[in-house]
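Below you'll find the structure, written out as structure tokens, and then a few comments.
The values are calculated or read from the model by the stated rules, or taken from the named source; none is laboratory data. Because the structure is predicted, anything quoted here is derived from the model rather than measured. Every residue, glycine among them, receives a Cβ derived from its backbone with ideal geometry; neighbour counts consider all protein chains shown. Keep in mind that these areas ignore ligands, DNA and RNA; they rest on the heavy atoms of the full protein, side chains included. Shrake-Rupley method; radii C 1.70, N 1.55, O 1.52, S 1.80 Å.
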Amino acid sequence: MTRLNEQQIQTMKEELAVELADWLMETYGYSPREALDILYTSETFDRLQDTNTNFYFQSVGYVASFLKNEVENAVFC
């Protein structure tokens, strides 16, 4: 089994963050700045950055479901 190196993992995290910001803009009509503010202050983003959660390895739909819960329940900071 091939293991990912740190750079590959970081790239996956960054690409997923872009997709999540796009999802926030499309779903809720946020501006790019608003979407990034919400994403970067969310528990979901914290989980994405924690390599131990393997969130970076999940689909955008799966990770977005956590973010959706935060946005709709005003859980983010």
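See the values below:
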quantity	calculated
Some residue of segment 46-58 being at pLDDT 95 or above, in a helix (DSSP H, G or I) and of a type in the set (Asp, Glu)	yes
Restricting segment 21-34 to residues that are among the aliphatic types (A, V, I, L, M) and touching an Asp or Glu at 6+ places or on another chain (Cβ under 9 Å), the residue that is surrounded by the fewest Cβ atoms within 10 Å (Cβ to Cβ)	Met25
Any chance Asp37 is open to solvent by 60 Å² or more (accessible area, probe 1.4 Å) and either small (Gly, Ala, Ser) or under 21 Å from Leu4 (Cβ atoms) (or both)	no
Glu6, sole failed condition from (1) open to solvent by 70 Å² or more (accessible area, probe 1.4 Å); (2) more than 10 Å from the chain's Cα centre (by Cα); (3) touching a residue at least 12 places away in the same chain (Cβ under 8 Å)	(3)
